Amino acid sequence: MSKVVIALISGLLFGAGLAYSGMADPARVQSFLDLFGNWDPTLAFVMGGAVLPMAVAWMIKSRLASPLAATSFDLPGTSKIDRSLAIGAILFGMGWGIAGLCPGPALADLALAPKAVLPFVVAMFVGMAAHRFIPVSST
């Protein structure tokens, strides 16, 4: 099976999972993050339910010499928590809380509510481009 087909199937499965679980619903995400207001704990179960399959995937990965569609695993190394990482995490969390979206669900929502999510996706890509082309010092 080609890498493109595997990527397409993986993306469709991921997007369907986000839509089915409610993680692509900005109102549900914002309710989950509203701990002292109208808190909706259902996404905690979704995130908790993701731990078991991920644990199984890591166990399978440790027994494989290479992935099915590549010559080697391409995993990021462990890095220290620095200023750039902390600022990026804060900005990500603020954006997630304000918009109720993060990159995966935003892309999935392009199929569900394109007009509502398009400004977020455009801003996301502008931010990604800015990060790529504007040098950032980590000291």
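Quick note: the coordinates plus some simple rules give every number you see, no bench work behind them. In this text the structure is predicted, and so the values were computed from the model without any measurement. Cβ sites come from the backbone with ideal geometry, for glycine too, and all protein chains shown count toward neighbours.
Here are a few things to note about the model shown:
- Selected from 108, 56, 46, residue furthest toward positive end of dipole (region 1-118; charges at beta carbon): 56
- Whole-Å distance, taken between Cα centres, linking region 73-117 and region 6-31: 14
- Net +/- balance of residues flanking residue 23 in space, Cβ distance below 13 Å, scoring K and R +1, D and E -1: -2
- Relative contact order, whole percent, for region 30-139 stands at 22, derived from Cα pairs under 8 Å and 6 or more residues apart.
- For region 3-133, with +1 on Lys and Arg beta carbons and -1 on Asp and Glu, the positive-most of 118, 71, 27 along the dipole: 71
- Using just its DSSP H runs of length 4 or more, each adding -39500 (n - 2.57), the chain gives a mean residue ellipticity at 222 nm of -23000 deg cm²/dmol after division by all residues.
- Global form of the chain, assessed from the alpha-carbon gyration tensor, a/c cut-off 1.5: rounded
- 3J(HN,Hα) from dihedral phi, region 112-121, Karplus parametrisation 6.51/-1.76/1.60, rounded to Hz, x for glycine, proline: 8, 8, x, 5, 6, 9, 4, x, 5, 5
- Within the straight-line cut-off of under 29 Å between alpha carbons, the lysines reachable from residue 80 are 61, sequence neighbours fewer than 8 places apart in one chain being disregarded.
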